[in-house]
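Below: one structure, written as structure tokens.
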Amino acid sequence: MLTAPRSDAESTDPRSRAAVASSDLPVRMHITKVLIVEDEPAQARFLRRVFQGRPYLVECAATVAMALEAVRRFSPDLILLDYQLPDGTASDVLRSIKRDEALPIIIITCSSSIDLAVHLTKEGADQFLVKPVEPMALLALCERTLDRASLHRSSHAPDHQRPQPSLNPFYGVSPAIRAMESRVKTLLGMKVPLLLYGETGTGKTALARWIHQQTSRREHAFVEMNCAGLSRELLESELFGHEKGAFTGATAPKVGMIELADRGTLFLDEIADLDLLVQAKILKAIEEKTFHRLGDTRSRSVTFGLIGATHQNLEELLPSGRFREDLYYRISTIQLTLPALRERREDILMLARLFLDQTAEQWGVEPLQLSAQAEDRLHAHDWPGNLRELRNALEGAILARRGPLLEAEDFSLGGEHAKRMRGPESLPEASGLTLEEVERRYILQVMEATGFKVDPAAMALGIHRNTLYTKLKSYGVSLPRIAKDVPDSRNRDSIA
């Protein structure tokens, strides 16, 4: 899998901004069409002026109806969409036009509600920007959003795949991260599969993408798939593709992830959750370099580098038959373990400031700083959700802020619930209970402590959110419907 490093490999000096991204953003050489949907004339004029003198063609619409008509006629590459419109909301537009993930949509609104942002993201929005909008921050956000959309489109044409900018996986000064960097660089050049271990949120995807960029496969696709919580049928269809009529609902041929990754890299996150039959087919594709689409008798040739990632110990799954020995020994020649954030405390504040700058720029807010008390709290926290939890905590603090200085009380650290429950006194009485029942009770205890919010509960438990969904479903547990998770139609730009 791993091949020789690039001669122009980037510096990993954490003090350098060049160390933040694994690659520069591509230069946009064509005219990009932007549709601005805004009913306030002054705001529409302001947004239009942001793009003047740059390679953008801009058109404006003031209502939901005008926006839908402009999409059909103008075929925009990007939409800037105000939330509240005279004849509806951004949700109405999203439900009508968000058919193709490659059409990026940025929501602009006066509300800084996290719940609103989550709701709109689930409906298909790509980004969420709070007014007032800073021009350069908006342009930077548009560029990043367009680049991600370009990456999605290019997954259907792997020869034109562009690398997606991401956090440098070696950002920091701690001995743990420096040791990992040294270990990774000694492995470059070995053309074998790679297995990444690490707790949820430690940056396994960022490391996989960085490694891909150092190999001869960097000119082709980096295709990633999370295997957690997916049925065997869905896994097979997503990985291997299918022919028209292969099963009920297969109305057209589908190219699978393996085919998209031809000559590139296939990254399987949460590989421990792969169905056993799918594991056998993956092994065949690796060893024989051939596969079959569902419903097709033809054998297709494919070659790809494989990187697997998991927070579970695959070797411990072998005796129970939950993971195939032949696949394990095929993919585990090179194993890397990413350090948890609590094992690299020297990096916590560096990463916090980095994420803080990135989020402030992305959201178009003024530069923010951490108070001494906030820094102490972040440094002392164990971060069970690691980098992902740190970024989420900072985003929440930005929304809760009362000024340019973030205070300790602005942070809601969900993992603290787990710390309080780790002691033996908080575990359920185990006498006469099965292991499954003990697990069930503990999971419900964590869910209750986190207000039945899946993300912080999954972080506290150290499992992927899809795994938590699967476990709750197997226990017959339904999540309560919380009113604040759904926008109130009486106040379209806020959460009830």
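Points to keep in mind about this one:
- Note on the stretch 353-377: residues that are more than 23 Å from Val133 (Cα to Cα) and of a type in the set (A, V, I, L, M, F, W, C) total 2.
- Of everything listed in (1) at pLDDT 80 or above; (2) acidic (Asp, Glu); (3) in a helix (DSSP H, G or I), the single unmet condition for Glu416 is (1).
- In the stretch 245-256, the residues that are free of Cβ contacts under 8 Å to residues at least 40 places away in the same chain and either outside the structural domain of Arg300 (by TED's automatic domain parsing) or surrounded by fewer than 21 Cβ atoms within 10 Å (Cβ to Cβ) (or both): Thr248, Gly249, Thr251, Ala252, Lys254
- Subset tally (residues that are of a type in the set (Asp, Glu) and over 22 Å from Ala458 (Cα atoms)) for the stretch 167-213: 1
- Residue match in the stretch 472-488 (condition: part of a helix (DSSP H, G or I), farther than 29 Å from Ile107 by Cβ, modelled with pLDDT under 60 and touching an Asp or Glu at 6+ places or on another chain (Cβ under 9 Å)): no
- Scanning the stretch 362-401 for residues that are among the charged types (D, E, K, R), assigned to a loop (DSSP other than H, G, I, E, B) and under 21 Å from Ala137 (Cβ atoms) gives Glu366, Arg401.
The values are calculated or read from the model by the stated rules, or taken from the named source; none is laboratory data. Every value quoted in this text rests on a predicted model; they were computed, and no experiment measured them. Here Cβ is always computed from backbone atoms with ideal geometry, including for glycine, and neighbour counts include all displayed protein chains.
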